[in-house]
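In what follows, a single structure is set out as structure tokens and then discussed.
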Amino acid sequence: MRNVLLILLLSLTACVPNRSFRQSVSVYPPIPGESPYTLAFIEFDDMGEFWDRTQLNRALQSINDAKARGNGQVIVVTFVHGWKNNASDDSGNVWGFRDELKDIAGRSGNIPVVGVYIGWRGAATNVPFLKELSFGNRRNAAIRIPGANITEALHKIMRTTKQGENDRSKCVLIGHSFGGMVLERALTQSMVSLINDEEEKNGKTGASRISIPSPADLIVFVNSAAPATEGKQFLGMLKAGHYYYRSGTRDVPFFLAITSKGDTATEFLMPIGHFPSKITKAMRQYDLCDPDAHPEFPPGIPNQSTYYLHSTANSPVLQSHEIFVSDRPDDDPANCAEVHQKWYCVRPKANRWNDTPYWAMRMQAEIVPDHGTIFRPEFRRLLEVFLPTRDETPRTLERVAIPNITSSQLDLSSKIQKKRSELEASWVRHKNEKEGQDALKEARDILGKLNVSGTCLANPDNVFQLLRNKIKDIVSDPSKVVQIAEAMGIKSDQ
Amino acid sequence: MSANPTHLAAIDGDATLQVQEDKLNFGQNGFTAEATSYAKAAGGKPPNQFNHTNNVTFTEVDIGADVRPIHLKVVEGTGAANLADDQDEAFDSEVYIEGAVKRVVGYHEK
């Protein structure tokens, strides 16, 4: 009993104070020769509220001031720290971030550099053993704090940095460990809204490009401790919508989840850490009798808990790219980073499911050796591979193009449509009669011939929606008209 | 109709009027939808697409409804399109045809 009391007492006295660490001064202007960058802090309390909204205003002012000094150009790097860190000078991440900024400023020429450090209560105690036990508690904080305030701050930083498509300023956001989860949760919903708005605008005006209004040049979740259930919904939306994201002629990531192969914390400890909380949640089984009708679900993953126990970058089925090591650069050197006389080149993973602009991959331990050591020139060099270069046009989201077709394919597609409308009409008008039931049976038979079977055919409304979904496949692959027409009993004239 | 799902796609504006009409009809058949807007792309050449791009919005038809073929017609000037009574206008907009901007009316037979 005495021991328990002692531990409790120790834990109370060793609590990291629940306060802002940058109350009076939150912006540190450049000091020539010593720290040639501006560092601004914005802190959030354990509920996700600004400790002091003026910190945001000061940070935005410092970006504007830097832009004025740089003739309209600035490099802004925003960093969200993870577990066991905060905005105090005792936090290793604060000093690591300073080193990072110093290096960037040393190579940026006359372009001013501003770092924005997003602070939250990632450390609740300083007691060594208890610190390790705070995983669940601090994970819950990382889930809780991404609310209106932090989303507002991040969007205002991005907007202030990049004012319009022609703004050459660079804006990079990085979240590490639980900070990756904070960043992802804070941005995902607003990004979905942004894409939906642009799509709506595009449909109305007929504009060729669904252009994101430059939210950032790069958004990175490094060694993120967020379960893949966080990213999977957005990934699924991008997959189902056939979105592309390019800078000039080069594919670039909209979101980048990247994890070191040396990061044992997220590879092995995270599943253990998440397991207790998994027990309290209802995880579904994916019962997809027609995977083709659900492009948002990767094949071969039967249970949702697989995503909950692993991060996006550590989930092989969600990985979009791989990094290979070579003695010389790839065909396109823009995809490679030179690190210690070797080339680390990024390429799409073979047979990948994830071909969306949400990139996920693992990197060699030579780039980042473990979970925590992320402030390294090797990693910086690799991140530059993902940045758009100066010559590239602003980023855009695009829709797929209708492919070239033959007259026979067009003819068959019209017959397929005619058959589809006949079946649907019979069902809608004669549901309770033999004609309607026959149409339903025929639609089920057609789907069976197209390898759709199982419980999803039980609901008649599903049956006709599935039929439409199957027909939709011809847009991306016109050759499929033959297979669908045959299943429907339609004969080709040729 | 307007509450039904929509699909956006792009079509090569360097193609002839007939090829574009065929592609629109193929898109309609694929999406079980009717073209409800069609217009030339704003801005310059979109990356990795065509030299001239036209954007189309397809709106899915109600369950049991037919997909009516779409027809394109180039109209000179700014006056009325003068469609027949059985022709249901889908759009009247500037579109790239063989790379040149033309006023094109799209209609479905009622």
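The sole residue among A:PRO329, A:PRO276 that is at pLDDT below 95, part of a loop (DSSP other than H, G, I, E, B) and on the phi < 0 side of the Ramachandran plot is A:PRO329.
Would you confirm, using the coordinates I've provided, whether A:ALA240 is within 14 Å of chain B (Cβ to nearest Cβ) and over 22 Å from the mean Cα position of the chain (by Cα)? It is false that A:ALA240 is within 14 Å of chain B (Cβ to nearest Cβ) and over 22 Å from the mean Cα position of the chain (by Cα). Among the criteria (1) closer than 30 Å to A:PRO460 by Cα; (2) more than 7 Å from chain A (Cβ to nearest Cβ); (3) crowded, with 16+ Cβ neighbours inside 10 Å, the one B:PRO5 does not fulfil is (3).
Residues that are more than 26 Å from B:GLU34 (Cβ to Cβ) and of a type in the set (A, V, I, L, M) within segment A:438-494 comprise A:LEU457, A:ALA458, listed in sequence order. Of the residues that make up segment A:73-95, is at least one part of a helix (DSSP H, G or I) and either of a type in the set (Asp, Glu) or touching a Phe, Trp or Tyr at 6+ places or on another chain (Cβ under 7 Å) (or both)? Yes; the residues of segment A:73-95 include at least one that is part of a helix (DSSP H, G or I) and either of a type in the set (Asp, Glu) or touching a Phe, Trp or Tyr at 6+ places or on another chain (Cβ under 7 Å) (or both). Of the residues in segment A:248-264, none is free of Cβ contacts under 8 Å to residues at least 60 places away in the same chain, part of a helix (DSSP H, G or I), more than 14 Å from every other protein chain (Cβ to nearest Cβ) and over 14 Å from the mean Cα position of the chain (by Cα). The residues in segment B:63-103 that are surrounded by 12 or more Cβ atoms within 10 Å (Cβ to Cβ) and charged (D, E, K, R) can be counted, and the count is 9. Evaluation of A:THR356 against the conditions (1) away from chain B (no Cβ under 14 Å); (2) assigned to a helix (DSSP H, G or I); (3) among the β-branched types (Val, Ile, Thr) shows that the sole unmet condition is (2).
B:ALA39: within 20 Å of A:LYS418 (Cβ to Cβ), within 11 Å of chain A (Cβ to nearest Cβ) and in a strand (DSSP E or B), yes or no? Quick ask: steps written out before the conclusion?
On the way: within 20 Å of A:LYS418 (Cβ to Cβ): no; within 11 Å of chain A (Cβ to nearest Cβ): yes; in a strand (DSSP E or B): yes.
Answer is no for this residue.
Reported count of residues in segment A:28-39, each being small (Gly, Ala, Ser) and in a loop (DSSP other than H, G, I, E, B), is 1. Just one residue in the set A:ASP52, A:ASP89, A:ASP65, A:ASP99 is over 30 Å from A:PRO377 (Cβ atoms) and more than 25 Å from the chain's Cα centre (by Cα); that residue is A:ASP52.
Residues in segment A:40-69 that are closer than 22 Å to A:ASP167 by Cβ and in contact (Cβ under 8 Å) with a residue 60 or more places away in the chain: A:ALA40, A:ILE42, A:LEU56, A:ALA59, A:LEU60, A:ILE63, A:ASN64, A:LYS67. Picking from residues in segment B:52-92 that are over 17 Å from the mean Cα position of the chain (by Cα) and within 11 Å of another protein chain (Cβ to nearest Cβ), the one that is nearest to A:GLU200 (Cα to Cα) is B:ASP62.
For (1) surrounded by fewer than 21 Cβ atoms within 10 Å (Cβ to Cβ); (2) within 17 Å of A:ALA228 (Cβ to Cβ), each residue gets a yes or a no:
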| position | (1), (2) |
| --- | --- |
| A:GLU296 | yes, yes |
| A:HIS310 | no, yes |
| A:ASN314 | no, yes |
| A:ALA350 | yes, no |
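A:LEU387 meets each of the listed conditions (1) modelled with pLDDT of 90 or more; (2) within 30 Å of A:GLU338 (Cα to Cα) apart from (1). Take the residues in segment A:484-494 that are in a helix (DSSP H, G or I) and within 14 Å of another protein chain (Cβ to nearest Cβ); name whichever of them is farthest from A:LYS419 (Cα to Cα). Among those residues, the one meeting the criterion is A:ILE484.
A single member of B:ASP14, B:ASP22 is in a loop (DSSP other than H, G, I, E, B), among the acidic types (Asp, Glu), at pLDDT 80 or above and over 23 Å from A:GLN465 (Cα atoms), and it is B:ASP14. Just one of the numbered conditions (1) of a type in the set (A, V, I, L, M, F, W, C); (2) surrounded by fewer than 21 Cβ atoms within 10 Å (Cβ to Cβ); (3) at pLDDT 95 or above; (4) not in a helix (DSSP H, G or I) is not true of A:VAL25: (3). Name the single residue that is surrounded by the most Cβ atoms within 10 Å (Cβ to Cβ) among those in segment A:96-122 being at pLDDT 90 or above and in a loop (DSSP other than H, G, I, E, B). This residue is A:TRP120.
The helices (runs of 4 or more DSSP H) found entirely in segment A:404-481 that carry 1 or more residues being within 11 Å of chain B (Cβ to nearest Cβ), more than 41 Å from the chain's Cα centre (by Cα) and crowded, with 18+ Cβ neighbours inside 10 Å are A:407-429, A:434-449. Scanning segment A:280-322 for residues that are outside any loop (DSSP other than H, G, I, E, B), farther than 19 Å from A:THR266 by Cα and not charged (D, E, K, R) yields A:GLN285, A:PRO291, A:ALA293, A:ASN303.
Being more than 9 Å from every other protein chain (Cβ to nearest Cβ), exposed (fewer than 14 other Cβ atoms within 10 Å of the Cβ), under 23 Å from A:ILE474 (Cβ atoms) and without any contact (Cβ under 8 Å) to a residue 40 or more places away in the chain is a condition met by at least one residue of segment B:13-24.
The values are calculated or read from the model by the stated rules, or taken from the named source; none is laboratory data. All values derive from a computational prediction rather than experimental measurement. Note: ideal-geometry Cβ built from the backbone for every residue, glycine included; neighbour counts use all protein chains shown.
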